[in-house]
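Report on one structure; see the data block that follows.
The values are calculated or read from the model by the stated rules, or taken from the named source; none is laboratory data. What you see is a predicted model; the values in this text were computed from it and never measured. Glycine also receives a Cβ, built like all others from the backbone with ideal geometry; neighbour counts cover every protein chain displayed.
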Amino acid sequence: MPGAARRCAAEPFQSSKGYTIEVPEGWEIKDKAGADILLVNPSRSSTTVGVTVSPVRINTLKSFGTTDEVGERLIAAERAKDGTLGAELLSSGSRQGTGGVPVYDYTYAVDSTRGLKRISTTVTIADRKLFIANGQFKCDKERGCDAEGAAEAIEQMTAAVRSLALVAPS
């Protein structure tokens, strides 16, 4: 039923576009233009995880750059957005995904005219498709990302983002 939200147990969502992602217990799946899936925390609707799948001309993530190079581009793109006051990369890492495909993980903070956000991103490329899982947590105006319940919400969001996995072709 288009446009309607569905509540989900903590189980993987398998996309027809070749990936799975863990849906945190109680989170809702909603439709969003441009995203293959959007997960929303119903108790804090500004905390979301979205996945996009886009065609690209390169075969591997390493063709695009190292973990550090891609991280620098990611932060530069955030800093260039209208309303951004600052962006800082908090952590980055790489790992091997399904079939040995490289996966890059990033966590960063963005301060903008719309407030402070903590963002977790996981990216990979396979079969000339770019897979991006992006999670956002909007921090409390007064207490920032240290507000009560923030650490748990950020951890839950980040775990969902990091669960992005490619599905091996059958």
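All but one of (1) in a strand (DSSP E or B); (2) in contact (Cβ under 8 Å) with a residue 40 or more places away in the chain hold for residue 160; state the number of the condition that does not hold.
(1)
Tell me the residue from 73, 44 that is surrounded by 11 or more Cβ atoms within 10 Å (Cβ to Cβ), out of contact with any strand residue (DSSP E or B) (no Cβ under 9 Å at 6 or more places or on another chain) and not in a strand (DSSP E or B), please.
Only one candidate qualifies: 73.
How do the pairs read when you match residues in the range 109-122 that are closer than 13 Å to residue 77 by Cβ with residues anywhere that are among the charged types (D, E, K, R) and in a strand (DSSP E or B), using Cβ under 8 Å and keeping only pairs 6 or more apart or on different chains?
Close Cβ pairs satisfying both conditions: 110/117; 121/105.
Filtering the range 76-96 down to residues that are in a strand (DSSP E or B) and of a type in the set (A, V, I, L, M), which residue is farthest from the chain's Cα centre (by Cα)?
85
Quick check: anything in the range 137-149 under 23 Å from residue 39 (Cβ atoms), acidic (Asp, Glu) and in a loop (DSSP other than H, G, I, E, B)?
Looking through the range 137-149, at least one residue is under 23 Å from residue 39 (Cβ atoms), acidic (Asp, Glu) and in a loop (DSSP other than H, G, I, E, B).
Looking at (1) modelled with pLDDT under 95; (2) in contact with a strand residue (DSSP E or B) (Cβ under 8 Å, 6 or more places away or on another chain); (3) closer than 18 Å to residue 165 by Cα, which one does residue 5 not meet, given that it meets all the others?
(3)
Is it the case that some residue within the range 12-31 is over 25 Å from residue 148 (Cα atoms), surrounded by 17 or more Cβ atoms within 10 Å (Cβ to Cβ) and basic (Lys, Arg)?
Yes, the range 12-31 contains at least one residue that is over 25 Å from residue 148 (Cα atoms), surrounded by 17 or more Cβ atoms within 10 Å (Cβ to Cβ) and basic (Lys, Arg).
In the range 126-144, which residues are over 16 Å from residue 78 (Cβ atoms), at pLDDT below 95 and either touching a Cys at 6+ places or on another chain (Cβ under 8 Å) or surrounded by 17 or more Cβ atoms within 10 Å (Cβ to Cβ) (or both)?
The answer is 126, and nothing else.
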